[in-house]
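Encoded as structure tokens, the structure appears first; notes follow it.
The values are calculated or read from the model by the stated rules, or taken from the named source; none is laboratory data. All values derive from a computational prediction rather than experimental measurement. Using ideal geometry, Cβ is built from the backbone for each residue, glycine included, and neighbour counts are taken over all protein chains shown. Calculation scope for accessible area: heavy atoms of the full protein, side chains included, ligands and nucleic acids excluded. Shrake-Rupley method; radii C 1.70, N 1.55, O 1.52, S 1.80 Å.
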Amino acid sequence: MPINILMPALSPTMEKGNLAKWLKKEGDKVKSGDVIAEIETDKATMEVEAVDEGTIAKILVPEGTQDVAVNDVIAVLAGDGEDVKAAGAGAATAPPKAAPSAEAPAAKAATAPAPAAKAAPVAAAAPAPQAAAALQANGHARIFSSPLAHRLAKEAGIELARINGSGPHGRVIARDVEEAKSGKGLKAPAAAPPAGPAIAPSMSDKQVLALFEPGSYEVIPHDGMRRTIAQRLTASIQTVPHFYLTIDCDIGKLLAAREEINTAAPKDKEKKPLYKLSVNDFVIKALAVALQRIPNCNVSWTDGGMLKHKHSDVGVAVAMPGGLITPIIRKAETKSLSTISGEMKDFAARARARKLKPEEYQGGTTAVSNLGMYGINHFTAVINPPHATILAVGTSEERAVVRNGKIEAAHMMSVTLSCDHRAIDGALGAELIGAFKMLIENPVMMMV
């Protein structure tokens with residue numbers, strides 16, 4: 001019996017992916033473990049391995065196809081001893097969907113919930129006549145009226161929802177509108193809903209394009225990464241109550257220690273240093289240790305309870321074409337600076353090639369975003385849930401400071417901690433950024 005090859009879910013939240021490339025063609029034999037295709041998610045390009053043995057009888061989804069849904073059939077495999085042509089011919093007449101099974105719908109729904117931002121309204125069955133009046137009264141369903149009554153109410157500037165209907169099943173008729181004009185039969189205005197945060201709606205594509213002269217711009221379609229970044233950061237800034245704490249750090253001792261460590265780094269056969277520490281490596285280590293010293297900040301908010309993490313898993317924002325990704329240094333508090341440096345260099349290279357695995361960039365307990373290399377001295381970063389914090393790091397620069405009544409030059413670096421106020425209060429956040437300052441200004445303390 002032919003075996004369907006399905007579009008795999010390469011991460012817990014993946015719903016669709018792009019079939020970037022087929023590494024096998026129709027007629028090729030494959031065995032379990034063979035890499036057969038490359039799939040692009042919003043964050044990475046990943047290889048797909050065959051699970052079964054056989055011959056590829058038919059490729060149903062050509063390479064380059066975008067937005068292929070998880071569990072769609074992308075190819076058909078003929079098992080050993082099967083007629084490959086017959087298997088391929090049978091697949092060609094079938095739509096590229098997963099074979100139905102009793103468990104498939106439930107499994108797909110459980111592993112790939114639709115994002116709230118894209119959820120379509122559920123169409124309800126029309127209410128029974130007996131329920132129409134009740135639904136009309138509570139204002140949560142359509143108001144039933146005759147076409148004439150609807151037109152008269154519109155001309156009179158009266159909301160149909162405020163008119164008591166005297167027709168069958170509470171239907172608003174023309175006579176009701178006439179009485180409403182004189183103030184009879186009008187319901188009291190509905191109570192205003194509880195005040196909530198006002199969120200201005202985004203302008204539609206049509207409204208934006210209307211502001212510019214045709215031909216004066218080029219439309220570049222959003223790719224999956226940019227859409228995901230937009231959705232997640234919009235949700236974060238609208239639903240996570242951010243507050244920000246900024247502090248200046250004197251990194252003179254850090255720069256001296258970094259130069260000394262890099263100078264003493266062992267060399268390989270080509271006499272190249274085995275590692276070269278960056279300021280960011282110290283930042284990652286300092287934040288990881290600070291979270292261990294202020295463990296109530298090493299948390300994630302859930303509606304059911306606070307997740308208090310045992311280790312400091314620090315995500316680090318890496319710029320890449322079309323967006324950014326945040327690979328994670330796991331258990332960063334336990335790792336040496338040279339190990340952190342090596343992991344970051346590897347992550348950065350593979351991130352830009354979209355070769356990271358989901359487990360390398362999903363999760364984490366905090367994050368670092370460093371724009372110092374661009375000369376930015378201060379900025380605030382948006383929290384990436386489920387993190388409760390993110391540290392925005394500016395450039396190091398010589399500034400005039402006052403010490404013992406004298407003005408001196410010092411290498412200063414400003415950092416800003418964004419905190420989720422649901423999980424971390426102001427004083428607690430101040431303790432965390434204070435612990436970070438102490439460590440980054442005295443790097444030897446990171447080793448204690």
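Selection of segment 152-169 for residues being in a helix (DSSP H, G or I) and modelled with pLDDT of 75 or more yields Leu152, Ala153, Leu160, Ala161, Arg162. Of the listed requirements (1) at pLDDT 95 or above; (2) hydrophobic (A, V, I, L, M, F, W, C); (3) farther than 16 Å from Thr366 by Cα, Met320 misses just one: (1).
Among the aliphatic types (A, V, I, L, M), in a strand (DSSP E or B) and over 24 Å from Gly322 (Cβ atoms): does that describe Ile5? Against the criterion (among the aliphatic types (A, V, I, L, M), in a strand (DSSP E or B) and over 24 Å from Gly322 (Cβ atoms)), Ile5 qualifies.
Name every residue in segment 385-411 that is under 30 Å from Asn296 (Cα atoms) and open to solvent by 60 Å² or more (accessible area, probe 1.4 Å), in order of residue number. Full working, then the answer.
Start the filter on segment 385-411 by keeping residues that are under 30 Å from Asn296 (Cα atoms), which leaves 385-396.
Of everything in segment 385-411, those that are under 30 Å from Asn296 (Cα atoms) and open to solvent by 60 Å² or more (accessible area, probe 1.4 Å) turn out to be Pro385, Pro386.
Conditions (1) modelled with pLDDT under 95; (2) under 29 Å from Ala388 (Cβ atoms); (3) touching a Leu at 6+ places or on another chain (Cβ under 7 Å); (4) assigned to a loop (DSSP other than H, G, I, E, B), marked per residue:
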site	(1), (2), (3), (4)
Ala198	yes, yes, no, yes
Lys206	yes, no, no, no
Pro214	yes, no, no, yes
Val219	yes, no, no, yes
Thr228	yes, yes, no, no
Gln231	yes, yes, no, no
Thr234	yes, yes, no, no
Ile247	no, yes, no, no
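Residue under question is Thr55, and the condition is that it be among the hydroxyl-bearing types (Ser, Thr, Tyr), farther than 20 Å from Ala353 by Cα and open to solvent by less than 60 Å² (accessible area, probe 1.4 Å); does it hold? Yes, satisfied.
On the basis of being surrounded by 15 or more Cβ atoms within 10 Å (Cβ to Cβ) and either part of a loop (DSSP other than H, G, I, E, B) or of a type in the set (S, T, N, Q) (or both), does Leu19 make the cut? Show your work before the answer.
Values: surrounded by 15 or more Cβ atoms within 10 Å (Cβ to Cβ): yes; either part of a loop (DSSP other than H, G, I, E, B) or of a type in the set (S, T, N, Q) (or both): no.
When the stated conditions are applied, Leu19 does not pass them.
Can you find even one residue in segment 417-436 that is assigned to a strand (DSSP E or B), surrounded by fewer than 20 Cβ atoms within 10 Å (Cβ to Cβ) and touching a residue at least 12 places away in the same chain (Cβ under 8 Å)?
Going residue by residue through segment 417-436, those that are assigned to a strand (DSSP E or B) are 417-420.
Those left that are additionally surrounded by fewer than 20 Cβ atoms within 10 Å (Cβ to Cβ): none.
Among the residues of segment 417-436, not one is assigned to a strand (DSSP E or B), surrounded by fewer than 20 Cβ atoms within 10 Å (Cβ to Cβ) and touching a residue at least 12 places away in the same chain (Cβ under 8 Å), which makes the answer no.
For segment 352-380, taking the residues that are within 16 Å of the chain's Cα centre (by Cα) and free of Cβ contacts under 8 Å to residues at least 40 places away in the same chain, the one that is least open to solvent (accessible area, probe 1.4 Å) is identified as Glu360. Summed over segment 225-241, the residues that are open to solvent by less than 40 Å² (accessible area, probe 1.4 Å), out of contact with any Pro (no Cβ under 9 Å at 6 or more places or on another chain) and under 30 Å from Ser396 (Cα atoms) give a count of 1.
Checking each residue in segment 59-88 for being open to solvent by 60 Å² or more (accessible area, probe 1.4 Å) and either at pLDDT below 80 or among the acidic types (Asp, Glu) (or both) picks out Glu63, Asp67, Asp80, Gly81, Asp83. Every test in (1) surrounded by 14 or more Cβ atoms within 10 Å (Cβ to Cβ); (2) at pLDDT 95 or above; (3) more than 17 Å from Met447 (Cα to Cα); (4) touching a Pro at 6+ places or on another chain (Cβ under 9 Å) is passed by Leu254 save one, and that test is (3).
Taking segment 286-341 only, how many residues are open to solvent by less than 20 Å² (accessible area, probe 1.4 Å), within 25 Å of Met413 (Cβ to Cβ) and under 22 Å from the mean Cα position of the chain (by Cα)? Number satisfying all stated conditions: 12. Considering only residues that are of a type in the set (A, V, I, L, M) and part of a helix (DSSP H, G or I), which ones fall in segment 249-287? Leu254, Leu255, Ala256, Ala257, Ile261, Val279, Val283, Ile284, Ala286, Leu287, listed by residue number.
Evaluation of Leu356 against the conditions (1) touching a helix residue (DSSP H, G or I) at 6+ places or on another chain (Cβ under 6 Å); (2) at pLDDT 95 or above; (3) assigned to a loop (DSSP other than H, G, I, E, B); (4) not polar (S, T, N, Q) shows that the sole unmet condition is (2).
Kindly check whether there is at least one residue in segment 312-329 that is over 30 Å from Glu260 (Cα atoms) and part of a loop (DSSP other than H, G, I, E, B). Working first, answer last.
Quick first cut of segment 312-329, residues over 30 Å from Glu260 (Cα atoms) only: 320-325.
Keeping just the survivors that are part of a loop (DSSP other than H, G, I, E, B) gives 321-322.
Within segment 312-329, one or more residues are over 30 Å from Glu260 (Cα atoms) and part of a loop (DSSP other than H, G, I, E, B).
Looking at this structure, is Glu431 charged (D, E, K, R) and either in contact with a strand residue (DSSP E or B) (Cβ under 9 Å, 6 or more places away or on another chain) or closer than 22 Å to Ile329 by Cβ (or both)? Answer is no for this residue.
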